[in-house]
Amino acid sequence: MHKQKSAIMAEVLEKVVEEARQGEVYAPFADDPNKFNKKFFIESYGCQMNFSDSEIVASILHGEGYGATRNFEEADLVLLNTCSIREKAESTIRHRLQTFKKIKESKPGILIGVLGCMAERLKAKFLEEERLVDIVVGPDAYRTLPGLINEAEGGQKSVNVLLSREETYADIAPVRLDSNGVTAFVSIMRGCNNMCTFCVVPFTRGRERSRDAESIVNECKDLFENGYREVTLLGQNVDSYYYSAPNEENVNFAMLLERVALVSPLLRVRFSTSHPKDITDDVLHTMAKYHNICKYIHLPVQSGNTRILQLMNRTYTREWYLSKIKRIREIMPDCAISTDVISGFCTETEEEHQDTLSLMELTRYDMAYMFSYSERPGTLAARRYTDDVPEEAKKRRLIEIIDLQQSHQVISFKNDIGKTFEVLIEATSKKSELDWSARNSQNKVVVFPKGNANLKKGDYTTVKVHAATSATLIGQMI
Ligand code: SAH
Ligand code: SF4
Ligand code: F3S
C-alpha cells in the first residue's frame, strides 16, 4: 500500500518537475494593437535559455511590425521555441503541433515556425516530418527570421540552422514577455563545450561563447532602472564565462558577478547553471562578499558513482564533487544547493544507483530536478554505449531518488521554521489575494499575509517563518 502511494507521488512529482523544466507554456501579453500591423504568438519549452531567446526573437519581430499576442487563433505567425533534451520533450512539441494543424486548415495564410534545439537537431527533416511547418530556425540564426518569414510568405518553406562561433545577440534589447516586472533572465553566454556523453546541447547550441561584459552590465542597469529587482545570469556552464576584448581587461565569471552585484545593492543576482568542475573559490568568495548575490547554487551531480560519472564524461569523481559541496558550505554556511540527477544511465548497476542515493544522503539537497536517462540520437552515449538499463529499473530507481529527495526537502523546509528571512516580493500568491508570494536568498518561496503594510511587487521585507510544506515557507512580516 505504502509502495503504491509513493509510486503515485513519484509520478506526480516527476510530472511537476518535467513540466517545470520543459513543458511550461509561455504566451506573451498582447501589445498595443495600433503599434503593430501583424501578430505573432510564441510558446517556449525547455530551459531558461530558451525563454530568454524568445525575448530576443520578440525584439527582432517587433522591428518587423509584429506585435505579440496571447491568443494563437488571432496570430499571423505561430512560433514554437523547442527543446530536445529528452525524448519526452520532443514528443510534447510534436503533440502541440497537432493543435496548430486545425488552425492552419481554417486559416491557410498563417505561418508556423519551429525555433530552438529541436529545429537545430532535425534541420530540414522537420519540414518532411511535420508538413504544416513553414519555417525552421536554429538558436544562432534568429537575426535572419525577417528574411525567412518573407520567403515563407512567398510560399517557400525556409530553413536556417547555421550555428555560429560568435553570435551572442549582445546588441539586441530583449522584449520582456509575460514578465512579473521584478525578475528577469539575462543571457551571458551561449553553447557548451563540455560534451557530457548523454547530452544533446553541444549539438543543438554549438560552441561556447561569452557575451560582451559591458553589454551584460548595461542590460542589468537598464532592468534595475525599469523597476526590476532580480536578474538571473544564464548559461549552460556559467563558471566558464570568459570575455576578452582588445585593450580591455579580461573578465571571468567571478569578475562579472561582482560587476553585476555593484549595479545596486537592491538588485539581487542569481545564476544558472554551474558545472562542478568549473565553479571556483573566487566565485564562492564573491558570492559571500555581496549580500545581494543570492545564496543559492544549482550544482548538477548527475550520478553519485565515479565510474558512471566517467562514462558520462563529467570529468569529476564522487569525492571531488563532495569536496566542492564541503567548500561551498565552509565559505557560505547558509547557501542552499540544488542538483540534477539522472537514473539508469548506460550500464548503471544497482550498487552504482545506491551510490547516487548515498551521495544525496550526504549532500542533502534543498531542491532537485530528477530524470530517467533518455537516449538522444547523435550523442556520444548513443554512439558508444548500449542503453541497457531496462525501462522498469530506470523508473524504479527514479522513484527511489524522488522519494529520498522529497524526504530531504521536507526536512530542509521544516528546518527554516523559526528563522527570519529578507524576501523579495514577486507577486500576489496564487492561492490567496490576501497573501504575497516572495522568495528568500536561498530561492525558497515564502508566502505571508499582506496585512496593512503598504508594500508592492519588487519591495523587500523581513518575514519570520512559522510553518512549511515541502515546497513553500509560510510566515509573517516582522
Ligand atoms: N548545462 C546544464 C544542464 C542542461 S540540461 C548542466 O550542465 O547542468 C538539464 C539537465 O537535464 C541535465 O543536468 C541532466 O540532468 C538532464 N539531462 C540532459 N540530458 C539528458 C538525457 N539524455 N536524459 C535524461 N536527462 C538528461
Ligand atoms: Fe549538456 Fe554537459 Fe553542457 Fe550541461 S555541461 S549542457 S549537461 S554537455
Ligand atoms: Fe532543451 Fe535546448 Fe535548453 S535541448 S534544455 S532547450 S539548451
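The values are calculated or read from the model by the stated rules, or taken from the named source; none is laboratory data. Not measured: the values here are computed from a predicted model. As a convention, Cβ positions derive from the backbone with ideal geometry for all residues, glycine included, and neighbour counts pool all protein chains shown. Ligands, DNA and RNA are stripped out before the accessible areas are found, and what is left, the full protein with its side chains, is counted by its heavy atoms. Shrake-Rupley method; radii C 1.70, N 1.55, O 1.52, S 1.80 Å.
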Check: Taking only the alpha-carbon atoms of region 63-163, what semi-axes of the equivalent ellipsoid follow from 5 times the gyration tensor eigenvalues under a square root, in whole Å, largest first?
Finding: 19, 17, 13
Check: Considering only DSSP states other than H, G, I, E and B, which GluC sites (Glu not before Pro) in region 406-478 qualify as loop sites with at most 16 other Cβ atoms within 10 Å?
Finding: Glu433
Note to self: Taking a ≥ b ≥ c as the square roots of the Cα gyration tensor eigenvalues, with a/c under 1.5 meaning rounded and otherwise prolate when a/b beats b/c, else oblate, which class fits region 150-194?
What the structure shows: oblate
Check: Ignoring ligands, DNA and RNA, how do Arg229, Arg209, Arg396 rank by accessible area with a 1.4 Å probe, largest first?
Finding: Arg396, Arg229, Arg209
Note to self: Using a 1.4 Å probe on the protein heavy atoms, what percent of the accessible area of the chain belongs to carbon and sulfur?
What the structure shows: 52 percent
Item checked: Cα-based shape type of region 105-254, given that a ≥ b ≥ c are square roots of the gyration tensor eigenvalues and the cut on a/c is 1.5 -> prolate
Notebook entry, point to check: If one computes the Cα centroid of region 32-107 and of region 188-205, what distance in Å separates the two points?
Noted result: 24 Å
Next item on the list: Can you figure out the FRET efficiency of Arg70 with Lys277, using R₀ = 41 Å and their beta-carbon distance, to the nearest 0.05?
Entry: 0.50
Checklist line | Under 5 Å, built H, 5+ apart or other chain: amide partners of Val186 | finding: Thr232, Leu233, Leu234
Next item on the list: Determine the principal axes of the Cα atoms in region 183-414, then give the extent along each, sorted from largest to smallest and rounded to whole angstroms.
Entry: 53, 43, 29
Notebook entry, point to check: Averaged per residue, what accessible area in Å² does the chain show with a 1.4 Å probe, protein chains only?
Noted result: 43 Å²
Check: Once all Cα-Cα distances of the chain are split into 10 Å bins that start at 0, what whole-number percent is in each one?
Finding: 4, 19, 29, 28, 17, 4, 0
Note to self: If the rule is a partner Cβ under 4.7 Å, which cysteines in the chain fail it?
What the structure shows: Cys47, Cys83, Cys117, Cys192, Cys220, Cys294, Cys335, Cys346
Check: Taking the alpha-carbon centroid of each part, what is the distance from region 343-395 to region 416-457 in angstrom?
Finding: 36 Å
Checklist line | Filtered GluC sites (Glu not before Pro), region 77-177: DSSP coil and at most 16 other beta carbons within 10 Å | finding: Glu166
Notebook entry, point to check: Remind me, relative contact order of region 183-414 in percent, using alpha carbon pairs under 8 angstrom and six or more residues apart?
Noted result: 17 percent
Item checked: Heavy-atom accessible area order for Lys456, Lys450, largest first, 1.4 Å probe -> Lys456, Lys450
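Report D for region 420-477 in µm² per second (integer): Stokes-Einstein, Kirkwood Rh on Cα pairs, 37 °C, 0.692 mPa s.
300 µm²/s
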Check: Which FRET efficiency value, to the nearest 0.05, is calculated for Asn218 and Ile411 with the Förster distance at 60 angstrom and r the Cβ-Cβ distance?
Finding: 0.90
Check: Within the chain, what percent of beta bridges assigned by DSSP are antiparallel, to the nearest 5?
Finding: 35 percent
